[in-house]
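The values are calculated or read from the model by the stated rules, or taken from the named source; none is laboratory data. Remember, predicted model here, so these are calculated numbers, not experimental data. Here the Cβ is made from the backbone with ideal geometry for all residues, glycine too, and neighbour counts use every protein chain on show. For the accessible areas, the whole protein counts, side chains as well, though only heavy atoms, and no ligand, DNA or RNA atoms are used. Shrake-Rupley method; radii C 1.70, N 1.55, O 1.52, S 1.80 Å.
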Amino acid sequence: MPTIKDPEQQRAQKRECRKRYYAKTANLYPRHPWTEEEVALVMEHSVPDSVLSEKIQRSVKAIQQKRLMEKKRAEK
């Protein structure tokens, strides 16, 4: 992959890559309440989020958001 020197082009490429990554699991699974076991797996972070996504039937973005919210909740 060639190096892009233009910062705007770099940002655009990064956004596109992020969209492709999240699009793999976005809207793939129906919404449902989080279980304690799922939260424990998310916080353990022993496997990549893409693998965990398939295992617990959640999107990668949902997993990352849940981890962030749980960390914030623990800080309080």
Legend entry - Restricting the stretch 56-76 to residues that are exposed (fewer than 12 other Cβ atoms within 10 Å of the Cβ) and charged (D, E, K, R), the residue that is modelled with the lowest pLDDT: K76
Legend entry - Selection count, the stretch 34-45, where residues are modelled with pLDDT under 95 and of a type in the set (S, T, N, Q): 0
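Return the residues of the stretch 23-34 that are open to solvent by less than 60 Å² (accessible area, probe 1.4 Å) and either polar (S, T, N, Q) or part of a helix (DSSP H, G or I) (or both); say none if nothing qualifies.
Kept after step one, since they are open to solvent by less than 60 Å² (accessible area, probe 1.4 Å), are these residues of the stretch 23-34: 25-26, 29.
Hit for the stretch 23-34 is T25, nothing else.
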Inset, instruction - Could you list all residues from the stretch 35-53 that are open to solvent by less than 70 Å² (accessible area, probe 1.4 Å) and part of a helix (DSSP H, G or I)? - result: E38, V39, A40, L41, V42, D49, S50, L52, S53
